[in-house]
Amino acid sequence: QVQLVESGGGLVQAGGSLRLSCALSGRTFSAYAVGWFRQAPGRAREFVSTISWGSMTNYADSVKGRFTITRDNAKNTVYLQMNSLKPEDTAVYYCAARLFDLATGEVEYPYWGQGTQVTVSS
């Protein structure tokens, strides 16, 4: 069984930065792709970014150039560095895991964390 725990959310002013962490336990971390998704109030959950087991990455257009996803296999952790934050980035951010290859659809991820709140004030 794979367990995922997100951390690093909080309140930040527009233009600021946050770094989210996703710690994975229960399986061989290096074999898993990890994705970040977010859900704002009243909206569907949407893809943000993903990194494959081989560190290939993909980003939603809305965050390209502002967010960076990385992984540290020694720490079993994936990071999402979020810069130049905007009020529209306010959401609960979830990390999710699947074997090997990256994917942008949430249905392709069988394992999910509980989420961490990110609030960007204007």
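The values are calculated or read from the model by the stated rules, or taken from the named source; none is laboratory data. Note that this is a predicted model, so its numbers are computed, not measured. Counting neighbours? That spans all protein chains shown, and the Cβs are built from the backbone with ideal geometry, glycine included. Remember, those area values only see protein heavy atoms, side chains included, never the ligands or the DNA or RNA. Shrake-Rupley method; radii C 1.70, N 1.55, O 1.52, S 1.80 Å.
Pull up the range 31-58, narrow it to residues that are in a strand (DSSP E or B) and more than 18 Å from G8 (Cβ to Cβ), then point me to the one that is farthest from the chain's Cα centre (by Cα).
Y32
Filtering the range 64-99 down to residues that are of a type in the set (A, V, I, L, M) and not in a strand (DSSP E or B), which residue is nearest to S17 (Cα to Cα)?
Step one: filter the range 64-99 for residues of a type in the set (A, V, I, L, M), giving 69, 74, 78, 80, 82, 85, 91-92, 96-97, 99.
Right, trim to not in a strand (DSSP E or B) and you get 74, 85.
On the way: A74: 24, L85: 6 Å.
The residue in question is L85.
Going through the range 1-39 one residue at a time, which ones are touching a Cys at 6+ places or on another chain (Cβ under 9 Å), open to solvent by 50 Å² or more (accessible area, probe 1.4 Å) and closer than 21 Å to S121 by Cα?
S7
Out of contact with any Gly (no Cβ under 7 Å at 6 or more places or on another chain), hydroxyl-bearing (S, T, Y), buried (at least 16 other Cβ atoms within 10 Å of the Cβ) and at pLDDT 95 or above - does that describe any residue in the range 92-100?
Of the range 92-100, the ones out of contact with any Gly (no Cβ under 7 Å at 6 or more places or on another chain) are 97-100.
If we keep only those that are hydroxyl-bearing (S, T, Y) too, we end up with none.
No - not one qualifying residue is present in the range 92-100.
Which pairs have Cβ atoms under 8 Å, sit 6 or more apart or on different chains, and link a residue in the range 67-83 that is under 15 Å from L24 (Cα atoms) to one that is among the basic types (K, R)?
T77/R71; V78/R71; Y79/R19; Y79/R71; L80/R19
Just the residues that are of a type in the set (G, A, S), surrounded by 12 or more Cβ atoms within 10 Å (Cβ to Cβ) and modelled with pLDDT under 95, please, taken from the range 55-90. Write out each step before concluding.
Kept after step one, since they are of a type in the set (G, A, S), are these residues of the range 55-90: 55, 60, 62, 65, 74, 84.
If we keep only those that are surrounded by 12 or more Cβ atoms within 10 Å (Cβ to Cβ) too, we end up with 55, 60, 62, 84.
Scanning the range 55-90 gives a single hit, S55.
Would you point out which residue out of L102, L20 is part of a loop (DSSP other than H, G, I, E, B), hydrophobic (A, V, I, L, M, F, W, C) and within 14 Å of the chain's Cα centre (by Cα)? Even if it seems obvious, please write down each step before you answer.
Values: L20 fails: part of a loop (DSSP other than H, G, I, E, B).
One residue alone meets the criteria, L102.
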